[in-house]
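Participant: Okay, here's the structure, questions in a sec.
The values are calculated or read from the model by the stated rules, or taken from the named source; none is laboratory data. Because the structure is predicted, anything quoted here is derived from the model rather than measured. Glycine also receives a Cβ, built like all others from the backbone with ideal geometry; neighbour counts cover every protein chain displayed.
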Amino acid sequence: MITRIGFVLAVLISVAVALAQDVNVEFRVKAPAATPKDAKLYVCGDVKPLGKWNGAGVELKRDENCIYVATVALLKDQPVEFKITRGSWETVEKNSDGSERDNRKLTPKADEKVEIEVGAWADQSGAAPATKPSTRSGDVRVQRIRSKILGNERNLWIYLPPGYDKSGDRFPVFYLHDGQNLFDAATSFAGEWQADEAAERLIAEKKISPVILVGIENNAQRMAEYTPGRGELYERFIVEEVKPLVDANYRTVTDREHTAAGGSSLGGLISLYLAKDHPDVFGACAAISPALHWNNGAVFKDMAKDPGWMKRTRFWIDMGTEEGMQEPAKNVASVRQLAALLTSNGLAPDRDFRLLIVDGAKHNETAWAQRFDQVLIFFFGTVQSR
């Protein structure tokens with residue numbers, strides 16, 4: 001009997017090993033000419049053999065032809081997303097024009113070589129050149145801000161509602177991350193949110209109250225600034241430097257009930273932390289396609305530690321059903337988990353928070369543009385439009 005059981009186990013193990021067979025993938029990377037001679041290159045991805053997005057996954061070695069090479073054992077038929085870095089997300093690869101590069105994708109079927117050419121590095125490229133015509137609508141102004149807290153500078157994109165200069169009124173403010181992607185196709189990397197067009201239309205139709213939108217540009221440190229750690233300094237930058245500048249130069253309603261924060265992906269994640277850490281400043285938070293799995297979903301524990309702040313905050317939460325190459329259902333489940341957390345702390349659906357699952361929507365600016373008007377209506381809508 002023992003022998004027979006042992007035989008069956010051996011067969012099962014051999015089948016499992018066959019099903020989970022590793023294949024050897026040789027990454028061959030050509031770096032741009034501006035790459036420092038002493039640079040170390042890494043391939044970083046979403047699976048453990050590639051470092052689980054830690055910024056310095058597997059080091060590539062330079063050969064005699066100045067090609068950086070590494071061979072990694074990856075699970076056969078398992079989809080992988082990855083990028084090339086010089087050891088951190090501040091030095092991640094970009095497209096040759098300086099624009100953001102989508103994750104590279106691979107589903108290894110057998111031993112193979114993957115040829116890669118890096119266009120540029122994040123720390124060596126500025127914003128993408130404005131080669132496309134501007135698509136700004138209405139009154140959108142750009143103001144430079146230097147941060148003593150972060151030790152860097154960037155632009156603020158400020159949309160003012162129709163008739164602002166002729167009116168003596170004060171207006172609520174919606175602070176949004178990834179500012180260069182909100183209003184203008186000439187500066188966005190992968191399409192714009194058309195936030196200005198949405199606001200112009202809804203105000204004209206009297207579906208929302210006039211509102212000021214403030215887009216805070218990202219930079220090469222986006223990933224660090226939009227996640228816990230350096231993200232705490234980024235939060236202080238917004239609360240102690242951006243908001244005072246906006247309040248001093250524009251006619252705003254400054255209290256928390258008229259101040260919202262929001263963003264997509266990691267911008268959605270840092271918006272949740274911004275609302276949690278500064279509930280006296282922000283009364284509403286939009287987590288659009290939020291990256292809730294960051295750091296093994298630590299945001300859920302962090303939000304629940306002292307949940308009283310949630311009861312004073314209104315939330316918008318959404319996710320598309322096709323977001324993420326691997327397990328998009330997991331991303332949908334994550335926002336449902338967030339909604340359940342809010343409900344368990346006494347918040348009512350459609351009154352205190354809105355959860356939207358968008359069938360077929362992907363993780364990109366086009367998808368966010370298609371539903372941003374709904375975000376504006378939920379936060380700033382007139383009584384009849386809510």
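Participant: Inside the range 142-188, can you point out the residues that are of a type in the set (A, V, I, L, M) and surrounded by 16 or more Cβ atoms within 10 Å (Cβ to Cβ)? So that I can check it myself, show each step before the final result.
Facilitator: We begin by selecting, within the range 142-188, every residue of a type in the set (A, V, I, L, M); these are 142, 145, 149-150, 156, 158, 160, 173, 176, 182, 185-186.
Hits for the range 142-188 are 142, 145, 150, 156, 158, 160, 173, 176, 182, 185, 186.
Participant: Report, by residue number, each residue of the range 339-372 that is surrounded by fewer than 12 Cβ atoms within 10 Å (Cβ to Cβ) and either of a type in the set (Ser, Thr, Tyr) or in contact with a strand residue (DSSP E or B) (Cβ under 6 Å, 6 or more places away or on another chain) (or both). Outline the logic, then answer.
Facilitator: Pass one, the range 339-372, residues surrounded by fewer than 12 Cβ atoms within 10 Å (Cβ to Cβ): 344, 346, 348-351, 359-360.
Of everything in the range 339-372, just one residue is surrounded by fewer than 12 Cβ atoms within 10 Å (Cβ to Cβ) and either of a type in the set (Ser, Thr, Tyr) or in contact with a strand residue (DSSP E or B) (Cβ under 6 Å, 6 or more places away or on another chain) (or both), namely 344.
Participant: For the range 40-84, enumerate the residues that are surrounded by 14 or more Cβ atoms within 10 Å (Cβ to Cβ), touching a residue at least 40 places away in the same chain (Cβ under 8 Å) and among the hydrophobic types (A, V, I, L, M, F, W, C).
Facilitator: Of everything in the range 40-84, those that are surrounded by 14 or more Cβ atoms within 10 Å (Cβ to Cβ), touching a residue at least 40 places away in the same chain (Cβ under 8 Å) and among the hydrophobic types (A, V, I, L, M, F, W, C) turn out to be 41, 43, 44, 69, 70, 72, 74, 75, 84.
Participant: Also, quick follow-up: Among the residues of the range 202-244, write down those that are over 15 Å from residue 178 (Cα atoms) and part of a loop (DSSP other than H, G, I, E, B).
Facilitator: If we filter the range 202-244 for residues that are over 15 Å from residue 178 (Cα atoms), which is where we start, we get 202-212, 228-230, 232-233, 236, 239-241, 243-244.
Correct list: 205, 206, 207, 209, 210, 211, 228, 229.
Participant: Can you tell me which of (1) over 25 Å from residue 186 (Cβ atoms); (2) surrounded by 16 or more Cβ atoms within 10 Å (Cβ to Cβ); (3) not assigned by TED's automatic domain parsing to the domain that holds residue 209 is the one residue 120 doesn't meet?
Facilitator: (1)
Participant: Inside the range 190-201, can you point out the residues that are assigned to a helix (DSSP H, G or I) and either without any contact (Cβ under 8 Å) to a residue 24 or more places away in the chain or buried (at least 21 other Cβ atoms within 10 Å of the Cβ) (or both)? Explain how you work it out, then say what you get.
Facilitator: Narrowing the range 190-201 to residues assigned to a helix (DSSP H, G or I): 195-201.
Across the range 190-201, the qualifying residues are 195, 196, 198, 199.
Participant: From 86, 101, 28, which residue is farther than 20 Å from residue 223 by Cβ and not assigned by TED's automatic domain parsing to the domain that holds residue 365?
Facilitator: On the way: 86 fails: farther than 20 Å from residue 223 by Cβ; 101 fails: farther than 20 Å from residue 223 by Cβ.
Answer to the check: 28.
Participant: Condition first: in a loop (DSSP other than H, G, I, E, B) and within 23 Å of residue 54 (Cα to Cα). Now tell me which residues in the range 249-308 satisfy that. Let's see the steps before the verdict.
Facilitator: Pass one, the range 249-308, residues in a loop (DSSP other than H, G, I, E, B): 250-251, 253-255, 265, 278-283, 289-293, 305-306.
Answer for the range 249-308, where residues must be in a loop (DSSP other than H, G, I, E, B) and within 23 Å of residue 54 (Cα to Cα): 265, 289, 290, 291, 292, 293.
Participant: Filter the range 272-300 for residues that are of a type in the set (S, T, N, Q) and surrounded by 24 or more Cβ atoms within 10 Å (Cβ to Cβ) and give the result. Steps first, answer last, please.
Facilitator: Applying the first criterion (of a type in the set (S, T, N, Q)) to the range 272-300 yields 289, 295-296.
Answer for the range 272-300, where residues must be of a type in the set (S, T, N, Q) and surrounded by 24 or more Cβ atoms within 10 Å (Cβ to Cβ): just 289.
Participant: In contact (Cβ under 8 Å) with a residue 24 or more places away in the chain, within 17 Å of residue 379 (Cα to Cα) and buried (at least 21 other Cβ atoms within 10 Å of the Cβ), is that true of residue 263? Write out each step before concluding.
Facilitator: On the way: in contact (Cβ under 8 Å) with a residue 24 or more places away in the chain: yes; within 17 Å of residue 379 (Cα to Cα): yes; buried (at least 21 other Cβ atoms within 10 Å of the Cβ): yes.
Yes.
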